[in-house]
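*Asks:* Starting off with a structure, shown below.
FYI, it's all coordinate maths here, none of it is from the lab. Please read these numbers as outputs of a predicted model, since none were measured by experiment. No Cβ is skipped: glycine too gets one built from the backbone with ideal geometry, and neighbour counts run over all protein chains shown.
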Amino acid sequence: MIIHIENVMKRFGNNLALDTFSLDVKKGEVIGLLGPNGAGKTTCIRAIIGLIPIDDGEISVFGIHQDGKNKEIKRRIGYVTQELTIYEEMTAKENLEFFGSLYGMTKEQLATRSLEVAKIIGLEGRMREKTKHFSGGMKRRLNIGCSLMHDPELIIMDEPTVGIDPQSRNFILEFVKQLATKGTTILYTSHYIEEVEAVASNICIMDQGHTIASGTLPELIARIKGDAHMLIDVRIASEEKLKALRAIPEIKEVALENNQYHIIVPGGITIIDKIIAEIADQTIVNINSKQPNLEDVFLTLTGKQLRDEA
Amino acid sequence: MFKFNLIRSSRDIFAHLILIAFPVLLIAFFNFIFKGTAIVSEINGTPIPYLTVLTVGFALTFQIYGSSLSFETMGSDFFSPMRDRLLASPCNPRSLIISILTTSMLVSFLQTIVVLLFAKFVLGALLPSLPFVMAVMILSIVFHQLLGSVIMLASGSVKTANIIVSTYGSIAPMLAGLYFPLPDTPVILAVEKYLTPMALGKTAILGILENNTGQALAGTLPLLALTIGLFFLMRPMIGKVTS
Ligand SMILES: Nc1ncnc2c1ncn2[C@@H]1O[C@H](COP(=O)(O)OP(=O)(O)OP(=O)(O)O)[C@@H](O)[C@H]1O
Ligand SMILES: [Mg+2]
């Protein structure tokens, strides 16, 4: 086991950021940690690395008990922070070499490895430029590159693609997949379903500090198989109707976004007339049904949309 | 790491501009205004030219502002998301902080040298006993870099440190009689010579220039004691941010 987390509790004041949270990550696995804002993803990562003490439970990394003081654990992890942590006044090469040097790499190792990493992150040719002139996507790639310098066994990426163009994003997803094929263990957090679907072999969905479901993508989808998903667009939706729909006993879950009701009914749609009767006065403009995906797993299990920002 | 931080602070062009150009301009300006009063008579020892007093005074004053070199850097490393990134590495955070402190001291020292060279070669200031003068300058640099860092680490805020340091930086030279002559009463004279660390530095250096060993020591020793005091304060402060 590369990471073993068991019943971890972490409080910030009255706020329970991790609530009997458990997770196991095996060697070579790419685990996608999926959860909305404030779910506890970053807190989980900080606890794994030993940056914050936990209130209860047990964490071990590489089979070593995490007490926050173990340098051996830190040496073997590459940490890609959610926020950019690169030096803007310094060149890409200087950044790579600095972060490598924190892991005790020699001058020669730094020189050769920074060339390799530059290639991996697609920034060869830009190595001597100050990073403040880089685009958002290039900065993100460098942010990842800095944590690859010491060739870690475990890479932890905290929402590595936030706020970048689709092209850079695809680039990042591609090389995450490539790293995985070389046997590196990867913990990847995101609130973008497509990303987790694309890179992860195993998925852990978390909300409010605990796991609500985990498994492979097909396993997760299978959990909600048989549920029918209806998308009904109306002219002007209302919260009252949302409540009224939720009150219909056959309905498992309803969410409302942009004047669209997303209704989940177990066992196929048998009550469409009931639903339509309820919202007919809001002027239905479109009705659709769809195949469930990971997003629906989340919706089904929590009654919430995973994403609250675009 | 040391090299990285040195390059990093050398790229802060704005800081160099302020910390070199301002003292140079102020020295030139006051020298121009008070050109008539060429000689300043101290109570004991050899009289020394006013330009020399200005040069020493402003070099010391801008070492106070220069303390932001280290605490701003520490702030951006340890009071930002960068902290997690750095602490996630096996590198000892103490050595990171020490590297920031020493590089900032070095940069502040180089800035002081540029100011002194300018005063000497462009304005023609007399600067005898340079090795001893530089020794006190270095002590003052070490003191002020530590002071700024201790204030920032204790308050946990770069902003607070900036406010305190710049207030001190604007009052200290006044109290040391740098901008305008202060009345010659014994109390005010004591304030002028000993009240602030900057005044201690000035007293020490003028003592050296006047060949007045007693005064040189009266400035140097308390400054040295204060520096050692800060040094011991720094230890728990570093622990506070890195654990
Ligand atoms: N240092 C802290 N002090 C107080 N509360 C905190 C701290 N860090 C996290 N929290 C709280 O703990 C909860 C989990 O936060 P966390 O940052 O782990 O979420 P996240 O899943 O990473 O969210 P996001 O997608 O927004 O990054 C949130 O309610 C957050 O406000
Ligand atoms: Mg987060």
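*Asks:* Could you please report the charge total around residue A:54, scoring K, R as +1 and D, E as -1 over all other residues with beta-carbon less than 13 angstrom from its beta-carbon? Write down the numbers at each step before the final one.
*Replies:* Working: positive: A:10, A:11, A:46; negative: A:6, A:19, A:55, A:56, A:58, A:67.
With Lys, Arg at +1 and Asp, Glu at -1, the neighbours total -3.
*Asks:* On to the next question. Among the trypsin sites (Lys or Arg not before Pro) within the range A:4-92, which fall in a DSSP loop and have no more than 15 other Cβ atoms within 10 Å of their own Cβ?
*Replies:* Counting only loop positions with at most 15 other Cβ atoms within 10 Å, the trypsin sites (Lys or Arg not before Pro) in the range A:4-92 are A:26, A:27, A:69.
*Asks:* With a 10 Å cut-off between alpha carbons and a GNM built on chain B, which of B:55, B:213, B:185 moves the most?
*Replies:* Result: B:185 has the largest fluctuation of those listed.
*Asks:* Still on this structure, please answer the following. Using a Förster distance of 41 Å, how high is the FRET efficiency between residue B:228 and residue A:15, based on the Cβ-Cβ distance and rounded to 0.05?
*Replies:* 0.40
*Asks:* Normalised by the residues of the range A:69-144, what does the relative contact order come to in percent, with Cα pairs under 8 Å and at least six apart?
*Replies:* 45
*Asks:* In whole Å, largest first, what are the principal axis extents of the Cα atoms in chain A?
*Replies:* Each principal axis gives a Cα extent; for chain A these are 73, 43, 36 Å.
*Asks:* Let me ask something else. Using a cut-off of 29 Å between alpha-carbon atoms, which lysines can reach residue B:202, once sequence neighbours fewer than 8 places away in the same chain are excluded?
*Replies:* Qualifying lysines at Cα under 29 Å: B:35, B:120, B:159, B:193.
*Asks:* Hey, what do the phi angles of the range A:277-282 turn into as Karplus ³J(HN,Hα) couplings, whole Hz, using 6.51/-1.76/1.60 and θ = phi - 60°, x for Gly and Pro?
*Replies:* 4, 5, 10, 4, 5, 9
*Asks:* Within the set of other residues whose C-beta is less than 15 Å from the C-beta of residue A:11, count the net charge using Lys and Arg as +1 and Asp and Glu as -1.
*Replies:* Working: positive: A:10, A:46; negative: A:19, A:55, A:56.
Surrounding charge for residue A:11 is -1.
*Asks:* Okay, next question. Between A:102, A:142, A:51, where does the largest GNM mean-square fluctuation fall for chain A, given springs only between Cα atoms within less than 10 Å?
*Replies:* Residue with maximal mean-square fluctuation among A:102, A:142, A:51: A:102.
*Asks:* Which of the pairs A:119/A:139; A:139/B:240; A:182/A:225 have their Cα atoms more than 23 Å apart in this structure?
*Replies:* A:139/B:240; A:182/A:225, as the Cα separations exceed 23 Å there.
*Asks:* Here is a follow-up. Measure up A:26/A:74; A:93/A:130; A:26/A:177; A:69/A:107; A:107/B:3 against 20 Å on the Cα-Cα distance and list the ones that go over.
*Replies:* Over 20 Å Cα-Cα: A:69/A:107.
*Asks:* Remind me, relative contact order of chain A in percent, using alpha carbon pairs under 8 angstrom and six or more residues apart?
*Replies:* Once divided by the residue count of chain A, the mean separation gives 20 percent.
*Asks:* Identify which of B:14, B:118, B:58 has the largest mean-square fluctuation in a Gaussian network model of chain B, with springs joining Cα atoms closer than 10 Å.
*Replies:* Evaluated over chain B, the most mobile residue of the options is B:14.
*Asks:* Assuming R0 = 25 Å, what is the FRET efficiency of residue B:235 and residue B:135, from their Cβ-Cβ distance, to the nearest 0.05?
*Replies:* Values: r = 25 Å, r/R0 = 0.99.
The computed FRET efficiency comes out at 0.50.
*Asks:* Quick one: P(r) of the range A:181-262 from all Cα-Cα pairs, 10 Å bins, percents rounded to integers, in order of increasing distance.
*Replies:* 13, 33, 33, 15, 4, 0
*Asks:* Going by Cα centres, the range A:100-162 and the range A:1-39 are how many Å apart?
*Replies:* 26
*Asks:* Can you tell me which of A:274-285, B:93-104 comes out highest on packing, and rank the rest after it, using the mean Cβ neighbours within 10 Å? Provide the component values of the computation, followed by the final result.
*Replies:* Numbers: A:274-285: 14.1, B:93-104: 19.7.
Per-residue Cβ counts within 10 Å, averaged per peptide and sorted highest first, yield B:93-104, A:274-285.
*Asks:* Right, another one. Can you give the FRET efficiency to the nearest 0.05 for residue A:281 and residue A:194, using r as the Cβ-Cβ distance and R₀ = 41 Å?
*Replies:* Computed FRET efficiency for residue A:281 and residue A:194 comes out at 0.70.
*Asks:* Stretch residue B:243-residue B:13 to full length: gain in nm at 0.36 nm per residue minus the Cα-Cα span?
*Replies:* 79.6 nm
*Asks:* Okay, next question. Over the range A:1-97, calculate the relative contact order: mean separation of alpha carbon pairs under 8 Å at least 6 apart, over the residue count, as a percent. The partial results should precede the final answer.
*Replies:* Values: 132 pairs, mean separation 27.2, N = 97.
Answer for the range A:1-97 is 28 percent.
*Asks:* From the phi of every residue in the range B:196-207, what ³J(HN,Hα) in whole Hz does the Karplus formula 6.51 cos²θ - 1.76 cosθ + 1.60 yield, where θ is phi - 60° and glycine or proline is x?
*Replies:* Calculated HN-Hα couplings, in order: 9, x, 5, 5, 4, x, 5, 4, 4, 5, 5, x Hz.
*Asks:* Per-residue HN-Hα couplings for the range B:156-164, Karplus 6.51 cos²θ - 1.76 cosθ + 1.60 at θ = phi - 60°, whole Hz, x for Gly and Pro?
*Replies:* x, 8, 5, 5, 4, 4, 4, 5, 5
*Asks:* Can you list residues whose amide H is under 5 Å from residue A:253's amide H, if they're 5+ apart or on another chain and H is modeled 1.01 Å from N?
*Replies:* Under 5 Å from the amide H of residue A:253: A:264.
*Asks:* Along the Cα-to-Cβ line of residue A:26, 7 Å from the Cα, sits a label point; which residues in the range A:60-86 have backbone N less than 20 Å from it?
*Replies:* The answer is A:60-64, whose backbone nitrogens lie closer than 20 Å to the label point.
*Asks:* As an exercise, find the ratio Rg/Rh for the protein assembly as shown from alpha-carbon atoms, using the Kirkwood inverse-distance average for Rh.
*Replies:* We get a ratio of 1.14 for the protein assembly as shown.
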